[in-house]
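The structure appears right after this line, and notes come after that.
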Amino acid sequence: MKVKPGPFVCPASVVPSLGFIAVALVGCNREAVTLLLVVTGAFGGAVYAGNQMNHMALSPHYAGTMYGITNAASNMCGFLAPYAIGLLINGKVRTYFNVYLLEETLGQWQKVFYIAAAVNIAGSIFYALFASATEQPWSYQSQEDKKIDTRSEHDIEPELLEK
């Protein structure tokens, strides 16, 4: 039986996406943008009870390794997103004949928030359709792996230590 992940995944992605769209629509109203980003961030915290806990369900034995790999991949976005935003906001646009410098405008920032919302929603849909919370067969340990040697160096005979 395929077990589906918990109920926190969609609110952790969809509500922030709606917040990003709302930020794009309110324009230059600082108070509204601040409030929307606070609410967006608060709902984004639900991801810790959702897909980040899925590592434990998939493989209790390798959850730390899997979390390390996925966390490293997600941290790459922390480097790439500001670069991509910089290109969108004040980068260069190349056409066949000319190179145009973009100016930082409200319209450029709206594109950034729309793209962020689209990426969030696409990721949430992908996760909802394909994610599983069933322990994977490669996670099971063999009986040989379960044997733990609890002896210390004081329990080993001295002549074995000399070799």
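The values are calculated or read from the model by the stated rules, or taken from the named source; none is laboratory data. The model shown is predicted, which means the values in this text are computed figures rather than measured ones. Heads up, the Cβs are rebuilt from the backbone with ideal geometry, glycines too, and the neighbour counts pull from every protein chain shown.
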Looking at GLY50, GLY44, which is the one that is surrounded by 14 or more Cβ atoms within 10 Å (Cβ to Cβ), without any contact (Cβ under 8 Å) to a residue 60 or more places away in the chain and closer than 18 Å to SER132 by Cβ?
GLY50
What helices (runs of 4 or more DSSP H) lie completely within the range 106-163 and have 2 or more residues being at pLDDT 60 or above and among the small types (Gly, Ala, Ser)?
106-130
Out of (1) over 14 Å from the mean Cα position of the chain (by Cα); (2) of a type in the set (Gly, Ala, Ser); (3) at pLDDT below 90, what's the single condition that is false for ALA32?
(3)
Just to be sure I understand, how many residues within the range 54-76 are touching a helix residue (DSSP H, G or I) at 6+ places or on another chain (Cβ under 9 Å) and either small (Gly, Ala, Ser) or over 19 Å from SER132 (Cα atoms) (or both)?
4
